[in-house]
Amino acid sequence: MSTPQGGGDSSTRKPGTVRVSAKSATGASKTTGAGKAPGAGRPSTQGNRSGNRRTPPPIKITQQRNWTPIIITGVVVLVAGLIVGYAVSQLGGSSTDWQAKADSISGIKDYRKSDPQMLSYVSHEEYPINYPMHPPVGGTHNPNWQRCLGDVYTAPIADENAVHSEEHGAIWITYNPSLPADQVAQLAAKVKGNNFMLMSPYPNLDAPISVQTWGFQLKVQNANDKRIDDFINDLRQVSQVEPGVDCSSGSYVTATGTQPHNLDGTHPSAPPPSGTPSSPAPSASSTP
């Protein structure tokens with residue numbers, strides 16, 4: 001019996017070696033198990049994605065408020081309020097405030113409260129007037145006012161002209177001629193260069209210094225007295241009876257002497273005959 005080619009018994013034949021690539025092995029492993037492909041049994045989403053996807057809620061976009069017009073409006077209202085408030089105070093809306101402040105000055109006399117009738121008058125008069133106190137602080141007066149553009153008069157001036165300056169809100173500083181020169185110089189320094197201020201000696205004054213404006217008066221012993229500055233700061237111009245009227249232009253006089261001065265140069269010594277018209281007293285808003 002011949003031996004088959006290749007020799008050896010078939011029962012002793014060594015099995016051949018089969019090489020399986022990694023790719024094939026991987027592919028085989030994916031197809032194992034009942035012959036199902038991976039993912040078998042799972043519901044497919046191919047071709048039906050839009051049908052099963054949950055619709056997201058709408059996104060609300062809040063528009064940011066524009067604050068610029070609101071801020072501008074607020075600023076305009078605020079500024080308008082301040083302007084109106086200032087205008088009212090200048091027209092006398094806060095008169096009680098400045099008057100109360102002036103009344104707090106120790107020793108001041110407020111004739112607007114104690115004797116308002118004394119301050120009233122019907123018309124301007126050109127003749128000499130007998131005032132109830134000296135220096136006077138109001139009442140009937142000359143139609144021409146004494147210039148008070150920081151004027152320092154070295155001789156006495158007429159009461160009647162000075163009172164008209166007071167009506168315009170001027171502060172009239174008077175002093176006894178016996179006041180020492182250094183104190184006179186101190187007073188003059190408060191007057192020079194300041195509108196609504198005038199100064200003059202006042203013979204027979206019952207105090208070294210007397211400071212007055214329309215309806216108010218303060219008498220002190222020394223030019224160093226702080227109350228003089230308080231009087232000026234609290235009452236200059238705000239005490240005016242005719243708001244907006246100046247006393248450094250218009251029908252003013254600069255002459256000295258105790259007889260009332262008129263622009264026509266006359267010096268009547270007595271009231272005019274009955275029935276002779278006099279210049280009427282101005283209203284608070286008119287210019288004499």
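Compute the Cα gyration tensor for segment 98-253, then decide on rounded, prolate or oblate, letting a ≥ b ≥ c be the square roots of its eigenvalues: rounded whenever a/c is under 1.5, prolate when a/b is larger than b/c in the other cases, and oblate in all that remain. The shape class here is rounded. Rounded, prolate or oblate: which one fits segment 88-169, using the alpha carbon gyration tensor with axes a ≥ b ≥ c (rounded when a/c is under 1.5, else prolate when a/b beats b/c, else oblate)? Prolate shape, in that a/c is at least 1.5 and a/b is the bigger ratio.
Our note on the geometry: Cα centres of segment 113-147 and segment 180-201, 23 Å apart. Across the cross-link table entries Lys113/Lys226; Lys101/Lys219; Lys113/Lys192; Lys109/Lys226; Lys109/Lys219; Lys190/Lys226, which are compared at the Cα atoms, the separations over 19 Å belong to Lys113/Lys226; Lys113/Lys192. What the Cβ-Cβ distance of Lys192 and Val79 gives, at R0 = 41 Å and to the nearest 0.05, is a FRET efficiency of 0.65. Between Asp264 and Asp182, the contour length at 0.36 nm per residue exceeds the alpha carbon distance by 25.8 nm.
The residues neighbouring Gly169, those whose beta-carbon lies less than 13 Å from its own, together hold a net charge of -4 under the Lys/Arg +1, Asp/Glu -1 convention. Close amide H partners of Gly150, meaning residues 5 or more places away or on another chain with modelled amide H under 5 Å apart, are Asn194, Phe196, Met197.
Since every read-out is calculated from the coordinates, none of them should be taken as a lab result. This is a predicted model, so every value here is computed, not measured. We place every Cβ from the backbone using ideal geometry, glycine too, and count neighbours over all the protein chains shown.
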